[in-house]
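What follows is one structure encoded as structure tokens, with my remarks underneath.
The values are calculated or read from the model by the stated rules, or taken from the named source; none is laboratory data. Everything quoted here is computed from the prediction, not taken from an experiment. Note that we place each Cβ from the backbone using ideal geometry, even for glycine, and neighbour counts take in every protein chain shown.
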Amino acid sequence: MPTAALDADPDLEPDPLFVASFREARWILLMWVSCFVWTLTVCLNFGYPETVDPQSFPTVLGIPAWVAWGIAFPWLIANVVTIWFCLCVMEDADLGDDVGAAEAAPAADSAAAPAAGDSNV
């Protein structure tokens, strides 16, 4: 957000809903970048060895170690952090009244009921 716009009106405050969603977006972006960097680092360093010896290739529960630590581990951590984030950090915010529905309801009621003496022929 440009600071010149904020300097022009000192009473201008951002909407609390915007502030909360911006904070949540930063958390999500930070988590995504962390998992992305971890996955690239581990998979590039351990997934492409100079020589491959099938007898001594490291595995974790029968899965190649670079897949277990480079893909499955950050996936598991991301799921745990996402559940924690959704249950503990994200806040439910009141979006206000639905103006469109409030205006449409009286108009729909008056159009649905014909006036006394009118016929729908």
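The sole residue among Ser34, Ser56, Ser21 that is of a type in the set (S, T, N, Q) and closer than 20 Å to Leu87 by Cα is Ser21.
Could you please tell me which pairs satisfy a Cβ distance under 7 Å, a separation of 6+ or placement on different chains, a first residue in segment 11-28 that is in contact (Cβ under 8 Å) with a residue 60 or more places away in the chain, and a second residue that is surrounded by 11 or more Cβ atoms within 10 Å (Cβ to Cβ) and part of a helix (DSSP H, G or I)? The qualifying pairs are Trp27/Phe85; Trp27/Val89.
Only a single criterion out of (1) modelled with pLDDT under 85; (2) touching a helix residue (DSSP H, G or I) at 6+ places or on another chain (Cβ under 6 Å); (3) not hydroxyl-bearing (Ser, Thr, Tyr) is not satisfied by Pro10, namely (2). Residues that are farther than 30 Å from Ser21 by Cβ and modelled with pLDDT of 85 or more: does segment 105-121 have at least one? No, every residue in segment 105-121 fails to be farther than 30 Å from Ser21 by Cβ and modelled with pLDDT of 85 or more.
Scanning segment 11-30 turns up no residue that is under 21 Å from the mean Cα position of the chain (by Cα) and more than 30 Å from Gly96 (Cα to Cα).
Inside segment 39-57, residues that are assigned to a loop (DSSP other than H, G, I, E, B) and either surrounded by 11 or more Cβ atoms within 10 Å (Cβ to Cβ) or in contact with a helix residue (DSSP H, G or I) (Cβ under 9 Å, 6 or more places away or on another chain) (or both) make up a count of 4. Taking each residue of segment 62-89 that is under 14 Å from Cys35 (Cα atoms) and looking for partners that are among the small types (Gly, Ala, Ser) with beta-carbon atoms closer than 7 Å, six or more apart or interchain, yields Gly70/Gly47.
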